[in-house]
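Comments concern the structure below.
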Amino acid sequence: MSETTATHEHIIKSYDAELTRLLTEITRMGQLAGEQLAMAAAAVEDRNSDLAARVVEGDNAIDALEHDVSHDVLRLLALRQPIARDLRDVLAALRIAADIERIGDYAANVAKRAIALNQNAPMRPAASLPHLAQVAGGMLRDVLDAYRRSDADAAVEVWKRDVQLDTLYTAMFRELLTYMMEDPRNITPCTHLLFMAKNIERIGDHATNIAENVYFLVHAKPLVEERRKGDHTSTVVG
């Protein structure tokens, strides 16, 4: 093997190692975000303010990982100057990390509201929130698995599931409005639940963003199918 060939192979292996490191960091970010969401939902279900406070504090770990990913991406762009699929790998990593960071923020928002909600008497509509979080968490888990495997078809299946989450969110929105109209004393706790449900619905939107990035990563073209929406809360209010 010539010295030039050996050097070239070393560069390729080194670059692959850096991409693997990026994928590992993003995978860890996604795991943390999923755990944060599950814990926030449990804090609501169990009326556990201490657990909710842990979720709020834990958001810093996701922010730190997102910072590491951004740093590694900038370094790769500067030193490796990737093109074609390699460039898509790097840019997808940056975009997906940003989506996961926002998911972590939304999970922390749910936890903050849980602390406030626990100051009020238990409400039956709160029982719908953990299922909403379970659906959103499943979308996040499955789309990250599709990303790890570069499976565009699996990513599209997650993308299509967003309408299910929107439908559940709309149903909960209607239920909460009914509770507020029936008794003004329900307005404050129901408002907390509305914000929590909306945050979870937004988590689903970010999961679909990740799915679109996986599709682009694999096919080098955007997913042109129009995103279906099951969120009809604007018509409820109107």
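The values are calculated or read from the model by the stated rules, or taken from the named source; none is laboratory data. Predicted model, so just to flag it, every value in this text is computed and none were measured. Cβ coordinates were reconstructed from backbone atoms using ideal geometry, including for glycine residues, and neighbour counts include every protein chain displayed. Quick note on the areas: whole protein, heavy atoms, side chains included, nothing else; ligands and nucleic acids left out. Shrake-Rupley method; radii C 1.70, N 1.55, O 1.52, S 1.80 Å.
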Cβ-Cβ under 7 Å pairs, at least 6 apart or on other chains, segment 46-60 side modelled with pLDDT under 95, far side not basic (Lys, Arg): none
Selection from segment 14-41 of residues that are farther than 30 Å from residue 129 by Cβ, open to solvent by less than 40 Å² (accessible area, probe 1.4 Å) and among the aliphatic types (A, V, I, L, M): 19, 22
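Among the residues that make up segment 95-117, is at least one of them of a type outside the set (Val, Ile, Thr) and farther than 22 Å from residue 140 by Cβ?
From segment 95-117, those of a type outside the set (Val, Ile, Thr) are 95, 97-99, 101-102, 104-109, 111-114, 116-117; that's our starting set.
Remaining after also requiring farther than 22 Å from residue 140 by Cβ: 116-117.
Yes: one or more hits.
Assigned to a helix (DSSP H, G or I), without any contact (Cβ under 8 Å) to a residue 12 or more places away in the chain and of a type in the set (Asp, Glu), is that true of residue 145?
Values: assigned to a helix (DSSP H, G or I): yes; without any contact (Cβ under 8 Å) to a residue 12 or more places away in the chain: yes; of a type in the set (Asp, Glu): yes.
When the stated conditions are applied, residue 145 passes them.
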Odd one out for residue 102 among (1) surrounded by fewer than 19 Cβ atoms within 10 Å (Cβ to Cβ); (2) charged (D, E, K, R); (3) more than 17 Å from the chain's Cα centre (by Cα): (3)
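Taking the options 152, 121, name whichever one is at pLDDT 95 or above and among the small types (Gly, Ala, Ser). Talk me through it step by step, then tell me what you get.
Working: 121 fails: at pLDDT 95 or above.
The match here is 152.
For segment 174-222, how many residues meet the condition of being within 24 Å of residue 130 (Cβ to Cβ), more than 18 Å from the chain's Cα centre (by Cα), open to solvent by less than 70 Å² (accessible area, probe 1.4 Å) and not polar (S, T, N, Q)?
Of segment 174-222, the ones within 24 Å of residue 130 (Cβ to Cβ) are 174-180, 182-183, 185-211.
So of that shortlist, the ones also more than 18 Å from the chain's Cα centre (by Cα) come out as 174-180, 182-183, 185-194.
Of the ones still in play, those that are also open to solvent by less than 70 Å² (accessible area, probe 1.4 Å) are 175-180, 183, 186, 189-194.
After this cut, where a residue has to be not polar (S, T, N, Q) as well, the list is 175-177, 179-180, 183, 189-190, 192-194.
The qualifying residues number 11.
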Residues satisfying the stated conditions in segment 160-173, i.e. closer than 26 Å to residue 55 by Cα and either over 19 Å from the mean Cα position of the chain (by Cα) or open to solvent by less than 30 Å² (accessible area, probe 1.4 Å) (or both): 162, 165, 166, 169, 170, 172, 173
Any hit, segment 126-144, residues being surrounded by fewer than 20 Cβ atoms within 10 Å (Cβ to Cβ), of a type in the set (Asp, Glu) and farther than 27 Å from residue 51 by Cα: no
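Of the residues 72, 50, which is open to solvent by 50 Å² or more (accessible area, probe 1.4 Å), among the acidic types (Asp, Glu) and assigned to a helix (DSSP H, G or I)? Even if it seems obvious, please write down each step before you answer.
Numbers: 72 fails: open to solvent by 50 Å² or more (accessible area, probe 1.4 Å).
After applying the criteria, what remains is 50.
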Verdict on residue 116 being under 30 Å from residue 193 (Cα atoms), under 22 Å from the mean Cα position of the chain (by Cα) and open to solvent by less than 50 Å² (accessible area, probe 1.4 Å): no
